[in-house]
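Worksheet for the structure shown next.
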Amino acid sequence: MKQGIILLAIAALLTMTNCKKKEAEQSVDPRIPPDMVLKTRGNYISKDTVVSKQDTILMGVIITKTEDNLTSFNASYSLDGATSTTTFFNHQCLSSEYTGYTTDVTYYTRNQTGSEKITLSVVDRDGNITKKTIVLTVQ
């Protein structure tokens, strides 16, 4: 009889612990980054491509909030496989842009052959980041 009561008490305790654990898991922020789509029509560059020296490149983004308000958008480049980047466009979102932001970014290639990697990044209020990368092969 005592063993039965002890087993029931242990089962009840395990059930209560399991429920609390599931509730805690459900309340965790899922950390969903913003959605960013590259514009593809017309003269927009949206994928790795070969370009000319001193070419003018047009890229466009459509960004939408998924979970948290948008805070900033950044465009940077690195040359010939370098790990360091240089920002050429930076935008802090206005309150009217917290749920969505769209822009066009113009980039000018240098006057020498090589590779130029463009990284487009958007950040939301929780620090979630979405990045898109385009590699330009300059000939």
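Just to check your reading of the model, which residue among LYS117, LYS65 is among the charged types (D, E, K, R), open to solvent by 50 Å² or more (accessible area, probe 1.4 Å) and within 20 Å of THR40 (Cα to Cα)?
Working: LYS65 fails: within 20 Å of THR40 (Cα to Cα).
The unique qualifying residue is LYS117.
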*Does THR64 qualify as being over 16 Å from VAL122 (Cβ atoms) and at pLDDT 95 or above?*
no
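Name the single residue that is modelled with the lowest pLDDT among those in segment 24-46 being assigned to a loop (DSSP other than H, G, I, E, B), small (Gly, Ala, Ser) and open to solvent by 50 Å² or more (accessible area, probe 1.4 Å).
By that ranking, first place goes to SER27.
Could you grab me the full set of residues in segment 82-96 that are under 20 Å from ILE57 (Cβ atoms) and touching a residue at least 12 places away in the same chain (Cβ under 8 Å)?
We begin by selecting, within segment 82-96, every residue under 20 Å from ILE57 (Cβ atoms); these are 82, 85-91.
Correct list: THR85, THR87, PHE88, PHE89, ASN90, HIS91.
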*Report, ordered by the first and then the second residue, all pairs with beta carbons closer than 8 Å, sequence separation of six or more or different chains, a first member in segment 52-74 that is farther than 26 Å from ASN111 by Cα and touching a residue at least 12 places away in the same chain (Cβ under 8 Å), and a second member that is of a type in the set (Asp, Glu) and buried (at least 18 other Cβ atoms within 10 Å of the Cβ).*
LYS65/ASP124; THR66/ASP124; GLU67/ASP124; ASP68/ASP124; ASN69/ASP124; LEU70/GLU97; LEU70/ASP124; THR71/ASP124
*With respect to LEU79, determine if the residue is at pLDDT 95 or above and touching a Cys at 6+ places or on another chain (Cβ under 6 Å).*
no
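The values are calculated or read from the model by the stated rules, or taken from the named source; none is laboratory data. All values reported here derive from a predicted model rather than from experimental measurement. Reconstructed Cβ throughout: ideal geometry from the backbone, glycine too, with neighbour counts over all protein chains shown. Areas reflect the complete protein model, heavy atoms only, side chains present, ligands, DNA and RNA absent. Shrake-Rupley method; radii C 1.70, N 1.55, O 1.52, S 1.80 Å.
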